[in-house]
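S.K.: Sharing a structure here in structure tokens format.
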Amino acid sequence: MDGDSRVLVERLSPGGPAAACKAISGGDELISVDKMDVSTKSLEQVHSMIGGIEGTSVHLCLCHAVGTSRAQYTVTVIRRAVEEVHPSHEGHIGMTLYRKGDDDSSPLLVESLSPGGSAASLGLIAVDDELLSVNGEDVHFKPFSTVHDLIGGVEGTSVTLSLRRGGQYYTAQIVRKLSSSNPVSSPAITI
């Protein structure tokens, strides 16, 4: 992650301490952990900063963006072990997206494809392809959390993505599969 990258909340673990505080939302930007700026930290460093001894507290400063307004807030979360639970019907396609710029109007680009995931198995999508729409719904100006919800769905069902590589437009229909990923706060979204 470079110094210009933002660390965004991808999603919250259901039943986890961050979700229980009811203040943090998917798409919120993490500014600091225990008053330490995260803008120049790697994802591994940020994950390590957030983690800690069960029962101790961590102070998070975040920014919630709605349209053009931004509201900064701080929460204190008590660390506890959380087992990531994926409902048996939740399917994913094994693709990580990132934004080229700093806001929701920036293009969504493919960062990586999970080996063995539906998107990689299709053999059509490549790193740096731009995602334009999901099932016909334009994803420009959509926060990561909304794009995640649009692409994720019931295992075994399909999702249609419209993408662009260079000047070439194409459509990919992908069947959702169960995922064993364990998302953490990141400047990207894994779906």
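The values are calculated or read from the model by the stated rules, or taken from the named source; none is laboratory data. Quick caveat, the model's predicted, so the values are computed rather than measured. Neighbour counts are summed over all protein chains in view; Cβ atoms, including those assigned to glycine, are modelled from backbone coordinates with ideal geometry.
S.K.: Considering only residues of region 15-52 that are part of a helix (DSSP H, G or I) and touching a residue at least 60 places away in the same chain (Cβ under 8 Å), which is nearest to LYS142 (Cα to Cα)?
M.R.: Within region 15-52, the match that is nearest to LYS142 (Cα to Cα) is LEU43.
S.K.: Within region 77-102, work out how many residues are over 13 Å from the mean Cα position of the chain (by Cα), at pLDDT 70 or above and hydrophobic (A, V, I, L, M, F, W, C).
M.R.: 3
S.K.: Ok, one more. Contact list please: Cβ distance under 8 Å, first residue in region 116-144 and touching a residue at least 12 places away in the same chain (Cβ under 8 Å) and assigned by TED's automatic domain parsing to the domain that holds GLY167, second residue aliphatic (A, V, I, L, M) and in a loop (DSSP other than H, G, I, E, B), pairs at least six apart or on different chains.
M.R.: Cβ pairs passing all conditions: GLY117/ILE93; SER118/ILE93; ALA119/ILE93; ALA119/ILE125; LEU131/VAL139; LEU132/VAL139; SER133/VAL139.
S.K.: Has region 53-73 got at least one residue that is among the small types (Gly, Ala, Ser), modelled with pLDDT of 75 or more and either assigned to a helix (DSSP H, G or I) or assigned by TED's automatic domain parsing to the domain that holds LEU163 (or both)?
M.R.: Keep residues of region 53-73 that are among the small types (Gly, Ala, Ser), which gives 55, 57, 65, 67, 69, 71.
The next check asks that each one be modelled with pLDDT of 75 or more; those that pass are 55, 57, 71.
Right, trim to either assigned to a helix (DSSP H, G or I) or assigned by TED's automatic domain parsing to the domain that holds LEU163 (or both) and you get none.
No, because not a single residue in region 53-73 is among the small types (Gly, Ala, Ser), modelled with pLDDT of 75 or more and either assigned to a helix (DSSP H, G or I) or assigned by TED's automatic domain parsing to the domain that holds LEU163 (or both).
S.K.: Report yes if THR40 is exposed (fewer than 12 other Cβ atoms within 10 Å of the Cβ), at pLDDT 80 or above, outside the structural domain of LEU150 (by TED's automatic domain parsing) and under 20 Å from ARG80 (Cα atoms), otherwise no.
M.R.: Working: exposed (fewer than 12 other Cβ atoms within 10 Å of the Cβ): yes; at pLDDT 80 or above: yes; outside the structural domain of LEU150 (by TED's automatic domain parsing): yes; under 20 Å from ARG80 (Cα atoms): no.
Taking the combined requirement at face value, the residue does not satisfy it.
S.K.: ILE31 - would you say it is of a type in the set (Val, Ile, Thr) and either modelled with pLDDT of 85 or more or surrounded by fewer than 18 Cβ atoms within 10 Å (Cβ to Cβ) (or both)? Please lay out each step first, then the result.
M.R.: Numbers: of a type in the set (Val, Ile, Thr): yes; either modelled with pLDDT of 85 or more or surrounded by fewer than 18 Cβ atoms within 10 Å (Cβ to Cβ) (or both): yes.
The answer is yes for ILE31.
S.K.: For region 125-155, give me each residue that is among the aliphatic types (A, V, I, L, M) and either farther than 12 Å from ASP104 by Cβ or not in a helix (DSSP H, G or I) (or both).
M.R.: The answer is ILE125, ALA126, VAL127, LEU131, LEU132, VAL134, VAL139, LEU150, ILE151, VAL154.
S.K.: Determine whether region 103-114 contains at least one residue that is at pLDDT 90 or above and out of contact with any Lys or Arg (no Cβ under 7 Å at 6 or more places or on another chain).
M.R.: Checking region 103-114: not a single residue is at pLDDT 90 or above and out of contact with any Lys or Arg (no Cβ under 7 Å at 6 or more places or on another chain).
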